[in-house]
Amino acid sequence: MMNKEGAEALLQRYLEDRCDAKERAIVESWYNARGEKNAVFNSSEDLDLTEELIWNGISKRSSIPKKNLFTFNRIAVAASLILMLGIAFWFYKFQQGQNNKDFILSQMQRNDIAPGRNRATLTLDDGKVIDLSDAKTGVVIDANKLSYNDGTAILKTSAGQSPEEVELRWITANTPRGGQYQFILPDGSKVWLNAASKLKFPSTFSGAANRKVELSGEAYFEISKDKKHPFIVISRGQEVEVLGTHFNINGYNDEGGTKTTVLEGSVRVTLVDSRNVGRSNVTLKLNQQAVLTGYEHLAVKEVDAAEIASWKNGKFIFNSEALGSIMKQAERWYNVVAVFQDDIKDLKLTGAISRYENISGLLKTLEATGEVNFKIEGNRILIKKAK
């Protein structure tokens, strides 16, 4: 009885035309018998099973050479046997790879993290903090009255005092990581505040020469038209002045610069130094973006404005965007920490997904590019280059 190593050596000699007549008969008998084991080709059975089928056939036939064998080219015979093993090995590797992906996915889903939701607080100028309901979507500020956008009152007043009699003055809205909220200002302007952001505004614009607010983080604005009273947003080294338009400002401190993008109408962006003196300004129109870097340089470029503001409509849209920037957004929205284990922050990726998917959905979308792999550990996202 020939052992496995002996059979492999015999195949090698057959390929090199170093077999005698008896050895050739043995190899060719294996080939003739291969049809009995054609199940090898019918499914993605793993390599161990396939090798067992072939080896069993070898073991049964190797000690009894058959006569009157059909004669054919020895190269074709050996190549066919090797092909059988090769196909089986490919199926095995494919299945192993699929199993690894399924395992990683199941691990990711077990450790999954839910997306952000409607969460915010309001801080009044007397220090009072109001936690806003996560069952509501927005707040309406109307002079001295605060209510949700469904009409439900927010502010509890002292006994005998109506909400209209409470003096609010300045209000600061804060969204945490993993939070967002909509605010309707006293003039009817609408503001969507993104995660980890802050907006400061007065309880009324009545009697003021302009409508001025202060922003830290990111917000989308739909400003009510009022030619006599410009709307001004102060944010991270700049002022944005409008009469009535739609625009987005991204002024996070951990981003490369402050970005102002116009979706309707036009705005004027003015660079301001530490002494609050204007140094330069630009006027932006639809699909234009001003980028302020280092509080000194103001540049303008053409962009897809709808893509920039897609977060407001509940979407992540990345078009050849740096992975480092994508993960900053993920950190703020899912309240996680991104840990890069390879130097791939500048890797450009493209994809789109709902912001209301669990984080595994976002990571799967990015992994589908074949460029990167993720692992969830608690609230940490480990990031490596795909191999």
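General observations
- Candidates Asn253, Asn248, filtered to the one that is under 22 Å from Arg177 (Cα atoms) and either out of contact with any strand residue (DSSP E or B) (no Cβ under 6 Å at 6 or more places or on another chain) or among the aromatic types (Phe, Trp, Tyr) (or both): Asn253
Yes/no matrix, rows are residues, columns are (1) in contact with a Lys or Arg (Cβ under 6 Å, 6 or more places away or on another chain); (2) of a type in the set (Val, Ile, Thr); (3) open to solvent by less than 10 Å² (accessible area, probe 1.4 Å):
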residue: Ile184; (1), (2), (3): yes, yes, no
residue: Lys190; (1), (2), (3): no, no, no
residue: Ala196; (1), (2), (3): yes, no, no
residue: Arg211; (1), (2), (3): no, no, yes
residue: Ala219; (1), (2), (3): no, no, yes
residue: Lys225; (1), (2), (3): no, no, no
residue: Lys228; (1), (2), (3): no, no, no
residue: His246; (1), (2), (3): no, no, no
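- Within the stretch 319-373, considering residues that are among the hydroxyl-bearing types (Ser, Thr, Tyr) and touching a residue at least 60 places away in the same chain (Cβ under 8 Å), the one most open to solvent (accessible area, probe 1.4 Å): Tyr356
- Residue match in the stretch 273-296 (condition: outside any strand (DSSP E or B), touching a residue at least 24 places away in the same chain (Cβ under 8 Å) and buried (at least 17 other Cβ atoms within 10 Å of the Cβ)): no
- Beta carbons closer than 7 Å, at least 6 apart along the sequence or on distinct chains, pair a first residue in the stretch 206-223 that is at positive phi with a second that is outside any strand (DSSP E or B) and surrounded by fewer than 22 Cβ atoms within 10 Å (Cβ to Cβ) for Gly217/Tyr252.
- Of the criteria (1) at pLDDT 95 or above; (2) outside any strand (DSSP E or B); (3) of a type in the set (Val, Ile, Thr), which one Val139 fails: (2)
- Of residues in the stretch 374-387 being in contact with a helix residue (DSSP H, G or I) (Cβ under 9 Å, 6 or more places away or on another chain) and assigned to a strand (DSSP E or B), the one surrounded by the fewest Cβ atoms within 10 Å (Cβ to Cβ): Lys375
- Arg380 vs. criteria touching a strand residue (DSSP E or B) at 6+ places or on another chain (Cβ under 9 Å), closer than 21 Å to Asn250 by Cα and modelled with pLDDT of 95 or more: no
The values are calculated or read from the model by the stated rules, or taken from the named source; none is laboratory data. Bear in mind the structure is a predicted one, so any value in this text is a computation, not a measurement. Cβ sites come from the backbone with ideal geometry, for glycine too, and all protein chains shown count toward neighbours. Heads up: the accessible areas ignore ligands, DNA and RNA and are worked out on the full protein's heavy atoms, side chains in. Shrake-Rupley method; radii C 1.70, N 1.55, O 1.52, S 1.80 Å.
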